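Written below as structure tokens is the structure these notes are about.
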Amino acid sequence: MKTCLVVDDSKVIRKVARHILETLSFEVAEAEDGQQALIHCEATPPDVVLLDWNMPVMSGMEFLQALGRSNVIARRPKVVFCTTENGIAHIKAAIEAGADEYVMKPFDRDTLASKLQIVGLA
Amino acid sequence: MSADPATLRFLANLLEQHSGQQMAESRLWRVETALKPLLRDRGLASLAELVTALIGRRDERLAGLVVEALLNNETSFFRDRAVFELLATDGLERMRARRADERRLTIWCAGCSTGQEAYSLAIQFAEARARWDGWRIDLLATDISRAAITQARDGLFSQFEIQRGLPVGQMLRWFEQDGAHWRVRRELAGRIRFRQHNLLDPTPFAGKADVILCRNLLLYFAAERRRAAFGRLHAAITCDGLLMLGAGETVVGQTDAFVSDPEIRGLYRPSTLQVATRAA
Ligand SMILES: C[S@@+](CC[C@H](N)C(=O)[O-])C[C@H]1O[C@@H](n2cnc3c(N)ncnc32)[C@H](O)[C@@H]1O
């Protein structure tokens, strides 16, 4: 089963994302911020990380940079940003920092499914 | 307000008369939601009043608006990715080899909705520019819906539409942000001609197309009409051309005009049989 880590400080978003991902046959784990996410990735790297931008403790961008630097993560997960930051500057910055895909909130099941397929996971 | 079954049936039949699209009993509930804005615009209190106006005034314009509103325009970029890739790789490569002398390819997207399908194709060609250098690629995209064609021609997509199926890299490359929307770059838009056309009418161009995409449209035609439409597509395609259908569609058991391509499974080629092309 493919695994996805949902990183978002909003419990509601995590719940919605989990529901959609489970219907797409993903096994889902959750983290509330970038730091928790990093710890999770070091212990059990998922296939894909669904990543919010603004979070307390460690933002999505900081997480992405830390992920790039980390040498303890066995297998780099795909990273799909999933955020309300929908300006072109943000999108470009995320791609330059190494994100594989970008989903602008709000999104629906078909959109998320298509993005996961694009990164090779569906 | 809740419309009675006869009223809903009347409206569904109107849709079928104009477009060939049948509405299943289980989808009749959509009629009411889809027509609400039109009722409001026209100051009509109910679907029954709408039907009365349609019958009493024989208002063709109103009928046209009803049909517009009832059409299902669902689409996305690179819909059914695997089939799309098959066309972009094996399919177009074969046509490139076969047309190496003329260096000319005509592609018809029939039922292109708001344009995502045609833009996906145009992106394929634009990103393989070197391969198609010196080629003339005629990309014609048609749909019965005036509103859909207008949007396709404007190349303006909502945030919701732009991210369905389109990789972010291609979004950044081929579209620019325009307020809450995304607008196709001129370079890409210039590759496609959009035109309103009803698939029940004769082919909208002279000559023949090398590749026809007719996806998620004939699915909702009655069997006899579908057969006739396949016949017309057969008459519009070169004898070595390729037909691409939706992922859930097939020609098997529907028509003798096309057969599965033996080398590129998932695409279809015209059969050599004589086929009736009369309109149903
Ligand atoms: C469900 S959409 C599919 C769009 C696109 N081909 C795809 O697969 O994503 C079907 C489209 O067919 C159009 N359509 C329905 N009946 C038609 C007809 N008789 N002639 C031309 N277009 C028609 C509708 O307006 C709609 O845009």
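Can we say residue B:66 is β-branched (Val, Ile, Thr) and within 16 Å of the ligand (Cβ to nearest atom)?
When the stated conditions are applied, residue B:66 passes them.
So for the range B:179-192 (the condition being of a type in the set (A, V, I, L, M, F, W, C), within 14 Å of chain A (Cβ to nearest Cβ), within 14 Å of the ligand (Cβ to nearest atom) and more than 17 Å from the chain's Cα centre (by Cα)), does at least one residue qualify?
No.
Please count how many residues of the range B:132-168 are in contact with an Asp or Glu (Cβ under 8 Å, 6 or more places away or on another chain), basic (Lys, Arg) and farther than 27 Å from residue B:65 by Cβ.
0
Can we say residue A:60 is touching a residue at least 24 places away in the same chain (Cβ under 8 Å) and small (Gly, Ala, Ser)?
yes
Considering only residues that are of a type in the set (Val, Ile, Thr) and in a helix (DSSP H, G or I), look in the range A:17-42 and name the one that is farthest from residue A:109 (Cα to Cα).
A:39
Which residue is nearest to the other protein chains (Cβ to nearest Cβ), if the candidates are limited to the range B:152-178 and must be under 17 Å from residue B:113 (Cβ atoms) and surrounded by fewer than 19 Cβ atoms within 10 Å (Cβ to Cβ)?
B:160
Taking only the range B:104-117 into account, find how many residues are aliphatic (A, V, I, L, M) and near the ligand (Cβ under 7 Å from one of its atoms).
1
Can you tell me which residue among B:183, B:226 is surrounded by fewer than 19 Cβ atoms within 10 Å (Cβ to Cβ) and at pLDDT 95 or above?
Among B:183, B:226, only B:183 is surrounded by fewer than 19 Cβ atoms within 10 Å (Cβ to Cβ) and at pLDDT 95 or above.
Here is a list of conditions, (1) within 14 Å of chain A (Cβ to nearest Cβ); (2) within 15 Å of the ligand (Cβ to nearest atom); (3) of a type in the set (Lys, Arg), and residue B:215 meets all of them except one; can you say which number that is?
All conditions pass for residue B:215, except number (1).
How many residues are within 13 Å of the chain's Cα centre (by Cα) and either without any contact (Cβ under 8 Å) to a residue 60 or more places away in the chain or more than 20 Å from residue A:121 (Cβ to Cβ) (or both) if we restrict to the range A:66-92?
The total comes to 7.
Determine whether the range B:106-120 contains at least one residue that is under 30 Å from residue A:96 (Cα atoms) and among the acidic types (Asp, Glu).
yes
Could you grab me the full set of residues in the range B:118-144 that are more than 14 Å from chain A (Cβ to nearest Cβ) and within 16 Å of the ligand (Cβ to nearest atom)?
B:118, B:119, B:121, B:122, B:124, B:139, B:140, B:141, B:142, B:143, B:144
Pick out the one residue from B:30, B:9, B:58, B:42 that is within 14 Å of the ligand (Cβ to nearest atom), surrounded by fewer than 17 Cβ atoms within 10 Å (Cβ to Cβ) and more than 14 Å from every other protein chain (Cβ to nearest Cβ).
Unique residue meeting the criteria: B:30.
Find the residue count for the range B:248-274, including only residues that are touching a residue at least 60 places away in the same chain (Cβ under 8 Å) and in a loop (DSSP other than H, G, I, E, B).
Selection size over the range B:248-274: 3.
What are the residues in the range B:144-156 that are under 21 Å from residue B:174 (Cβ atoms) and charged (D, E, K, R), if any?
Scanning the range B:144-156 gives B:153, B:154.
Restricting to the range A:19-54, what's the tally of residues that are more than 19 Å from residue A:1 (Cα to Cα) and touching a helix residue (DSSP H, G or I) at 6+ places or on another chain (Cβ under 6 Å)?
Here the count works out to 7.
The values are calculated or read from the model by the stated rules, or taken from the named source; none is laboratory data. None of these values were measured; they are calculated from a predicted model. So basically every Cβ, Gly included, is an ideal-geometry build from the backbone, and we count neighbours across all protein chains shown.
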